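Here is the structure we will look at.
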Amino acid sequence: MSDNRDPNTDQPLPKAGGVYIHETIVSDVRGRWPVKRDEEDDICEAVAERMKLGVRKYGHALQAYNGRDAMQDAWEEALDLLAYTGQASMEEPLDEMLHDLYSEAADLVMTIARWRAARNA
């Protein structure tokens, strides 16, 4: 995958800024959210892998105050999540859990869209 960034429309690459986001997520998974123990371990391991990917790709893990609009990134990623879960649901039409995930992704996109509209009102 190549980096085809458009400097006129794309956000800047993230810079080192402050609190490490992945550490906060792991802390929330382990103590704040009701997650089953085996799911907790899987999620925390996956978060750690995403952090390593960020270090390899950008030279540091995701941090708050990194010069980017976090909600713009969330919007774009949520739209990708909707596309991927829609694809999976289409490819596995008998899998009800995939249909549920697709619906939940749509709910997330709609919630972010409402937040964006309210923020820009």
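The values are calculated or read from the model by the stated rules, or taken from the named source; none is laboratory data. Every value quoted in this text rests on a predicted model; they were computed, and no experiment measured them. Here the Cβ positions follow ideal geometry from the backbone for every residue, glycine too, while neighbour counts run over all protein chains shown.
Just one of the numbered conditions (1) on the phi > 0 side of the Ramachandran plot; (2) at pLDDT 95 or above; (3) not small (Gly, Ala, Ser) is not true of Glu49: (1). Please go through the stretch 77-121 and give me each residue that is among the β-branched types (Val, Ile, Thr) and without any contact (Cβ under 8 Å) to a residue 40 or more places away in the chain, ordered by number. Hits for the stretch 77-121 are Thr85, Val109, Thr111.
Okay, residues lined up against (1) over 25 Å from Trp115 (Cα atoms); (2) of a type in the set (Lys, Arg); (3) out of contact with any Phe, Trp or Tyr (no Cβ under 9 Å at 6 or more places or on another chain); (4) not assigned by TED's automatic domain parsing to the domain that holds Arg119:
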position: His22; (1), (2), (3), (4): no, no, yes, yes
position: Arg30; (1), (2), (3), (4): yes, yes, yes, yes
position: Glu40; (1), (2), (3), (4): yes, no, no, yes
position: Lys57; (1), (2), (3), (4): yes, yes, yes, yes
position: Ala74; (1), (2), (3), (4): no, no, yes, no
position: Leu82; (1), (2), (3), (4): no, no, no, no
position: Asp100; (1), (2), (3), (4): no, no, yes, no
position: Glu104; (1), (2), (3), (4): no, no, yes, no
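Might you check whether a residue that is of a type in the set (D, E, K, R), in a loop (DSSP other than H, G, I, E, B) and either touching a helix residue (DSSP H, G or I) at 6+ places or on another chain (Cβ under 7 Å) or under 20 Å from Asp10 (Cα atoms) (or both) occurs anywhere in the stretch 108-121? There is no residue in the stretch 108-121 that is of a type in the set (D, E, K, R), in a loop (DSSP other than H, G, I, E, B) and either touching a helix residue (DSSP H, G or I) at 6+ places or on another chain (Cβ under 7 Å) or under 20 Å from Asp10 (Cα atoms) (or both).
For Val35, indicate whether it is of a type in the set (Val, Ile, Thr), out of contact with any helix residue (DSSP H, G or I) (no Cβ under 8 Å at 6 or more places or on another chain), at pLDDT below 95 and in the same structural domain as Tyr20 (by TED's automatic domain parsing). In short, no. Restricting the stretch 1-44 to residues that are assigned to a helix (DSSP H, G or I) and of a type in the set (Gly, Ala, Ser), the residue that is farthest from the chain's Cα centre (by Cα) is Gly31.
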